[in-house]
Amino acid sequence: MSDLEGDYFQKPWYKQIALALLYLLGMGPKSDDKPKNGPPRPVRVLVLGLGRCGTTSLREALKILGYQPYDSADRFLAGHDPLWAQALRAKVYAQGRKWDRADFDRVTVGYDAILDTPCAFFVEDLVAAYPDALVILNTRPVDSWLRSMRSTILAVHVWPSWRLLQYTDPKCTGSWYPSRRLEWEIFCNHDYGEPCREAFLKHYDHVRKVVPKDRLLEYELGSGWESLCGFLGKEVPKGEFPRVNDQDGFMVRQRWLWWYGLALSVVNGVKLGVPVAVLWAAWMWYKK
């Protein structure tokens with residue numbers, strides 16, 4: 001797990017700011033469990049449920065069980081969001097070549113479990129690409145999901161400042177934000193009322209139709225270890241099932257991401273302003 005997550009958000013606010021500045025300067029602590037490049041590991045688990053259905057907790061559970069999960073945080077830190085956006089456009093809008101097994105292997109090298117959107121939108125593609133992988137459909141009641149989404153992901157998604165930051169901070173915000181907009185455009189055309197609710201139900205029905213029953217586990221939020229370990233053929237570990245990324249923690253992370261994008265925007269402005277100031281000074285000196 002990256003140092004941008006986990007106990008980072010349990011630290012006092014001033015330590016969060018100090019760490020954020022270190023990351024901004026490229027001096028932040030490095031994660032010691034990031035997979036090294038090398039031959040692709042066989043993907044053994046596909047988690048095809050939507051976000052806010054315990055996806056982050058499942059990621060931590062899979063790590064405890066010995067898997068190396070690839071989820072939204074990994075895609076963000078690796079700069080993969082534009083690649084998945086490219087794949088979505090090819091799949092949904094026929095803009096470019098559709099991804100195959102080699103493409104999925106290329107971005108998931110070193111991982112053996114795939115989670116979260118936009119990966120969950122590639123149901124047929126991933127199930128066909130990894131025919132031996134077991135599929136977990138993490139779910140929760142649709143109305144509960146929609147309430148959670150409206151107080152977290154969707155609430156953040158409509159912050160108008162992201163649209164400006166994607167241009168002033170092309171390296172960070174400009175990498176992930178256009179991809180998220182594309183996901184919600186495809187999922188429900190940015191209508192977060194009844195169309196969003198219907199899209200949720202349609203997605204889950206689609207997964208049930210595509211995935212063979214002997215490869216599928218429907219895992220409801222809060223189900224604990226037993227059904228998951230039984231499905232994966234793992235012993236139940238000691239300790240409680242992990243519970244992370246609650247509403248408060250999610251919003252703290254998003255505020256941090258906003259401040260990070262703003263800080264990078266300021267740095268970019270300074271980088272642009274210095275040569276402009278030098279040119280202006282040179283011009284004024286020349287005119288004397």
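Any read-out appearing in this document is the output of simple, stated calculations on the displayed coordinates, not a laboratory observation. Only a predicted model underlies this, so the values are computations on that prediction, with no experimental measurement involved. Heads up, the Cβs are rebuilt from the backbone with ideal geometry, glycines too, and the neighbour counts pull from every protein chain shown.
A few points about this structure:
- Convex hull of the range 67-122 built on C-alpha atoms - directionally averaged projected area, nm²: 3.6
- Once you reduce the range 83-136 and the range 196-266 to the center of their Cα atoms, the two points are 17 Å from each other.
- A Cα-only calculation for the range 134-243 places Rg and Dmax at 17.6, 49 Å.
- Summing Cβ point charges (Lys, Arg +1; Asp, Glu -1) relative to the Cα centre of the range 32-287 gives a dipole of roughly 720 debye.
- Loop trypsin sites (Lys or Arg not before Pro), the range 140-235, which have at most 16 other Cβ atoms in a 10 Å radius of their Cβ (DSSP): Lys171, Lys234
- Across every direction, the projection of the convex hull enclosing the Cα atoms of the range 32-287 has a mean area of 17.2 nm².
- Take the Cα of Asp248, step 7 Å toward its Cβ, do the same at Glu124, and the gap between the two points is 4.5 nm.
- Under conditions of 37 °C and 0.692 mPa s, the range 81-150 yields 241 µm² s⁻¹ as its translational diffusion coefficient, taking Rh as the Kirkwood radius over Cα pairs in the Stokes-Einstein equation.
- With the convex hull constructed from alpha-carbon coordinates only, the range 211-253 shows a mean projected area of 4.4 nm² over all directions.
- Of the GluC sites (Glu not before Pro) found in the range 199-276, those in coil by DSSP whose Cβ has at most 15 other Cβ atoms within 10 Å are Glu235, Glu240.
- As a length-normalised measure over Cα pairs under 8 Å and 6 or more apart, the relative contact order of the range 32-287 settles at 27 percent.
- Peptides 98-106, 123-131 ranked from most to least packed give 123-131, 98-106, packing being the mean of other C-beta atoms within 10 angstrom over each peptide's residues.
- Entries in Lys63/Lys238; Lys91/Lys202; Lys63/Lys202; Lys91/Lys209; Lys213/Lys234; Lys98/Lys202 that, when Cα-Cα distance is taken, lie over 25 Å: Lys63/Lys202
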